[in-house]
1. Amide H neighbours of Val208 under 5 Å, at least 5 residues apart or on other chains, H built in the peptide plane: list them.
2. Relative to the first principal axis of the alpha-carbon coordinates of the chain, what is the inclination of helix 187-199, with its axis defined by its Cα atoms, in degrees from 0 to 90 and to the nearest 10?
3. Please give, to one decimal in nm, the separation of the simple spin-label points placed at Arg90 and Met124, each 7 Å out from Cα toward the Cβ.
4. Return the distance in nm (one decimal) between the two label points of a simple spin-label model at Glu107 and Val32, each offset 7 Å from Cα along Cα→Cβ.
5. Cα axis of helix 154-167 to longest principal axis of the chain: angle in degrees, 0 to 90, nearest 10?
6. Beta carbons within 10 angstrom, averaged per residue: use that to sort the peptides 55-62, 89-96, highest first.
7. So how much slack lies between Glu212 and Met195, counting 0.36 nm per residue of separation and subtracting their Cα-Cα distance, in nm?
8. Mind checking the angle between helix 16-29 and the chain's longest principal axis? C-alpha axes, 0 to 90 degrees, to the nearest 10.
Amino acid sequence: MTKGIFITATDTGVGKTVVAAAMVAALRARGVRACGVKPIESGCVPNPVIGSLVPADGTFLQKASGGKESLELITPLRFEAPLAPLAAAREVGEEVRVEKAMKAIDELESRYDVLVVEGIGGLMVPVAERYMVSDMARDIGYPLIVVASPFLGTINHTLLTVRRAQEEGLEVEGVVLCYHRQPEDTLAESTNPRMLEQFLNVPLLGTVPYIEDTSQETLRRAAEGALDIGLLFGL
């Protein structure tokens, strides 16, 4: 069984969190001890009652994972400014403690069969000084899934992301298209999958539909309908 997968994307806001949560829900429905992790999140909301920043994506993954683990493990590094982690940390005069994130992943690895780790933004987002998301992915050591938009512009973004990942020596399992907004029934949407299949040197794994109801069952059905979960995770 694959110990984990690292979810990256062509850009921010293209559906990484939904894809990650859907995978976790599908794995858990099969009896696999799976947990979603977002080691770093910016754009978090201050909560004066609990005295900390609340990560929206981390909370979503926490729920998809059964709600057992604390956000201190699910999303150990949080910043308020909606910026790349390095820039967000500079805004408050802090350093990004990558080792804290890696320690949390190590802890969760000891508790679960599979981790689904969601990156922040794309591969070339600066996490710390001379340390990018691609470096974090390499240090974690899981194969990558690239989440991409199905809309106009995705061919260039997707091919560039996959090529860069491979130049960095990262293993790319494949690409998942995700409808992060309502379908528009454009010509680009209907032709993009065929074009990507022609020019990618990794598999186009499937297309996750637009999801409004984010219940566990809906997430599970979305993952099972779009992806071969058993093949991806060696079940």
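Each reported figure results from applying straightforward, stated rules to the coordinates on display, with no laboratory input. As the structure is a computational prediction, the values presented were derived from the model and not from experiment. When we count neighbours, we look across all protein chains shown, and the Cβ atoms used for this are built from the backbone with ideal geometry, even at glycine.
1. It is Leu177, Cys178, Tyr179, by chain and number.
2. 90
3. If labels sit at Arg90 and Met124, their model points lie 1.7 nm apart.
4. Each label point lies 7 Å from its Cα, and together they span 2.4 nm.
5. 60
6. My ranking of the peptides, most packed first, is 55-62, 89-96.
7. Details: separation 17, 0.36 × 17 = 6.12 nm, distance 2.78 nm.
The span from Glu212 to Met195 would gain 3.3 nm if fully extended.
8. On a 0 to 90 degree scale, this one is about 90.
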